[in-house]
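The values are calculated or read from the model by the stated rules, or taken from the named source; none is laboratory data. Note that the structure is a prediction, hence the values are computed from the model and not measured. In this analysis, Cβ positions are derived from the backbone assuming ideal geometry, glycine residues included, and neighbour counts consider all displayed protein chains. These area figures cover heavy atoms from the full protein model, side chains too; ligands, DNA and RNA do not enter into them. Shrake-Rupley method; radii C 1.70, N 1.55, O 1.52, S 1.80 Å.
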Number of protein chains: 2
Amino acid sequence: MQPDAIKRCLAGSGLRSTPQRYAVMAFLMKQAGHPTAVEIFEAVNRVDPRSSRATIYNNLRDLVHAGLVREVAVEGRAARFDAKGMRHHHFICDRCGNVEDVDWYDVPRPAAASLGRRVLRECELIFRGLCTRCAPRRVSR
Amino acid sequence: MQPDAIKRCLAGSGLRSTPQRYAVMAFLMKQAGHPTAVEIFEAVNRVDPRSSRATIYNNLRDLVHAGLVREVAVEGRAARFDAKGMRHHHFICDRCGNVEDVDWYDVPRPAAASLGRRVLRECELIFRGLCTRCAPRRVSR
DNA sequence: TGAACAGATTAGATTATATCTAATATGAAA
DNA sequence: TTTCATATTAGATATAATCTAATCTGTTCA
């Protein structure tokens, strides 16, 4: 069990462990950034068991549905994915579309009255602006 | 809201007032929901000056860039748009993808340390779950 | 008022992203 | 092992958005 945390993780969510699915999960867990489906496709195929595009998308859908992976929609660009490790918020760059993590802190929930009959599953806080690479260097003044 | 207000609004953002652009803005301002680009395309063309798909997308891009309209990316679905009227948060339905408004309340900003060199423009709070139509009806009353 | 022209519009092609199909293969339970 | 529900595959298809290059138009200013 301890030798393979990923397999346990998949089994615990009722997902069969296949080389392709395992590779996607392993890649996302060791990855610091927030790759797109195509980037994941290329990365896992660079190693070995060749995964088709459909398999990557299928597995990402299943992993998101199982709550192991988070999908971040970015307007005008491909969605990005990350393994749900430590809780965190997301910063999306206006300029390059990159997604970066921001330390997690608690967010106040809305008043019951403004939710009405809606069933709240989660609150997501997204920051927008210029990411580390796109922000202008500070100029002494 | 008088028709002139829209023209002033556009001019104030350095945007020329054209029948097509005006129609997009007018539609979004009188619209309670969060239509997709295609829905806007169909709605404004149902009235009169025929707008091409490209014009709808161009104008939406310009209006978003001018800060008059907000774009909401929804994973796996088309983006949705609304005129920035009163500040509000968004609720995205897990099941149908609909976007609904939630009363606005202030969100605490992250600590400067966790932003680093990043330039923060805005904080966006997104709620997820089941929308009014998709939530199961309450049994007891 | 009416040129002039920067900016806007157009139809349709193109690109980008994601899903579907149906034939085949495989993990894991028994 | 055998079994079979589940997963994978290549390629086609669907959907969302952008691009192209020809044409048109709002606004400015003489």
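Quick rundown of the values:
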| item | result |
| --- | --- |
| Enumeration of residues in segment B:89-105 that are outside any loop (DSSP other than H, G, I, E, B) and open to solvent by 40 Å² or more (accessible area, probe 1.4 Å) | B:D101, B:D103 |
| Filter result (of a type outside the set (A, V, I, L, M) and surrounded by fewer than 18 Cβ atoms within 10 Å (Cβ to Cβ)) within segment B:58-74 | B:N58, B:R61, B:H65, B:G67, B:E71 |
| Residue list for segment B:106-132, restricted to those being more than 7 Å from every other protein chain (Cβ to nearest Cβ) and either in a strand (DSSP E or B) or touching a residue at least 12 places away in the same chain (Cβ under 8 Å) (or both) | B:R109 |
| B:A32 more than 12 Å from DNA strand D (Cβ to nearest atom) and away from chain A (no Cβ under 14 Å) | yes |
| Search result, residues across segment B:35-71 that are within 11 Å of DNA strand D (Cβ to nearest atom), free of Cβ contacts under 8 Å to residues at least 40 places away in the same chain and within 16 Å of B:V99 (Cβ to Cβ) | B:E39, B:L60, B:V64, B:E71 |
| Filter result for the condition that a residue is outside the structural domain of B:L15 (by TED's automatic domain parsing) and at pLDDT 95 or above, over B:F41, B:F127 | B:F127 |
